[in-house]
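J.: Pasting in a structure now, in structure tokens, and then I'll have a few things to ask.
The values are calculated or read from the model by the stated rules, or taken from the named source; none is laboratory data. Computed from a predicted model, the values in this text were never measured in an experiment. Heads up, the Cβs are rebuilt from the backbone with ideal geometry, glycines too, and the neighbour counts pull from every protein chain shown. With ligands, DNA and RNA removed, areas are computed over all heavy atoms of the protein, side chains included. Shrake-Rupley method; radii C 1.70, N 1.55, O 1.52, S 1.80 Å.
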Amino acid sequence: MRTGDRRILQWTAALFALAASALPARADLQLCNRMSYVIEAAVGLEDKGTITTRGWFRLDPGQCRSVIQGDLPPEGYYLHARALPIYGAAPMPQGGHAELCVGQDNFVVANARQCTRTNHRLVSFIAVKPSVTDLGLTANFAEEAEYSPEQARDAGIQRLLTIAGYDAGPIDGVRGTATEAALVQFLQDNKLAPTAAGRSDIFDVLIATAQKPDGAGFAWCNDTTYQVMAAIGVEDKGTLTTRGWYRITPGTCLRPEISGRPSKVYSFAEAVDANGQSIRAAGRSLSWGGDTVLCTRKAKFELLDQADCALKGLTAAGFAPIELSGRTGTTVRFR
């Protein structure tokens with residue numbers, strides 16, 4: 001990930017201020033994704049002091065989607081978003097205005113200020129004020145880069161091309177020569193028409209390619225029956241950056257986002273249970289790594305300084321150096 005991508009995403013609501021007039025008694029709520037990530041959104045609606053949450057609503061980069069139809073309570077609106085696991089430690093917001101309950105899969109939770117089911121958990125939502133448009137009420141998820149819908153779509157394609165192992169240049173929403181060359185190569189490699197980049201399912205195709213064990217770049221494949229959380233280290237201009245966590249479900253593969261063409265990366269992973277606790281076998285954690293000590297932490301992270309992990313309140317982990325083999329690709333399998 002380039003330095004420009006390390007900033008925290010401001011998905012808070014470029015959520016424009018409300019018009020001076022009162023909200024309409026009946027209106028649809030539309031969410032728009034101005035980010036370079038495919039996201040899943042959850043919505044909280046407040047009525048008479050009680051908040052009901054519901055989700056998940058998938059939004060591709062540049063896409064708008066109507067998520068609530070009909071009468072809307074006027075008291076409060078709350079939003080939360082998560083990036084797909086393929087992005088690993090995507091820089092999503094760290095705070096919010098309310099801790100509300102969500103489910104892992106599609107859900108509706110009444111009285112969402114507390115969770116009563118074991119498969120639900122509290123996450124941070126931000127309070128928003130949607131704008132009044134001709135299509136109803138609209139709220140935007142946005143990055144600091146302030147992409148237009150078209151730029152968000154192009155940046156989303158650039159990001160997934162990079163994850164899939166293609167050198168698409170900087171993730172900036174601009175179709176430069178590197179992006180065009182990477183896109184043409186991707187379409188040819190996958191026997192797709194030159195116009196396929198405009199298809200509505202192009203993000204599904206890119207994600208499926210990025211999850212294949214073969215092809216260019218680096219991939220992890222989980223051959224165990226456990227969920228695996230992985231971290232990667234990449235050196236660029238003398239700085240070794242670690243990034244995690246990437247969730248890899250049993251029987252699937254995942255390609256972490258690696259910019260440029262490094263000759264070597266560093267890999268660490270561990271198996272976890274449904275509560276995120278380390279799986280132990282023969283008295284120790286079930287993990288895959290090596291002798292190169294680098295820094296991690298329990299929450300999602302991106303760390304540039306690998307010295308004195310413990311003194312900085314971080315966790316030291318043994319990473320394995322992995323030599324990359326160019327266009328043929330390199331795969332690490334967890335067994």
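J.: Need the full-extension length gain, ASP223 to ASP305, defined as separation in residues times 0.36 nm minus the C-alpha distance. One decimal, nm.
T.: 26.3 nm
J.: Could you give me the radius of gyration and the Dmax of the chain, taking only the C-alpha atoms into account and expressing both in angstrom?
T.: 20.8, 66
J.: Between ALA274 and ASP204, 0.36 nm times their residue separation minus their Cα-Cα distance comes to what?
T.: 22.6 nm
J.: In addition: For the range 290-333, evaluate the Debye formula with one uniform point scatterer on each Cα (no solvent term) and list log10 I(q)/I(0) at q = 0.18, 0.20, 0.22, 0.32 Å⁻¹, rounded to two decimals.
T.: -0.64, -0.73, -0.80, -1.12
J.: Does anyone have the angle between helix 177-189 and the longest principal axis of the chain? Alpha-carbon axes, 0 to 90°, nearest 10?
T.: With both axes taken from Cα atoms, the answer is about 80 degrees.
J.: For the chain, which whole percent of the accessible surface, found with a 1.4 angstrom probe, sits on carbon and sulfur atoms?
T.: 50
J.: Averaging sequence separations of C-alpha pairs under 8 Å and six or more residues apart, then dividing by the length of the chain, give the relative contact order as a whole percent. Walk me through the numbers on the way to the answer.
T.: Working: 810 pairs, mean separation 55.9, N = 335.
Once normalised by length, the contact order is 17 percent.
J.: Pop the C-beta distance of ALA316 and GLN114 into the FRET formula with R0 = 41 Å and round what comes out to the nearest 0.05.
T.: My answer for the efficiency is 0.65.
J.: Working from Cα positions, state the angle (0 to 90°, nearest 10) between the long axis of helix 149-163 and the longest principal axis of the chain.
T.: 20
J.: Still on this structure, I have one more. Would you mind computing, in nm to one decimal, how far apart the modelled labels at GLN104 and ALA181 are, each placed 7 Å from Cα along Cα→Cβ?
T.: Going from the GLN104 label point to the ALA181 one covers 4.3 nm.
J.: Can you give the accessible area per residue of the chain, in Å², using a 1.4 Å probe?
T.: Each residue of the chain exposes 47 Å² on average to a 1.4 Å probe.
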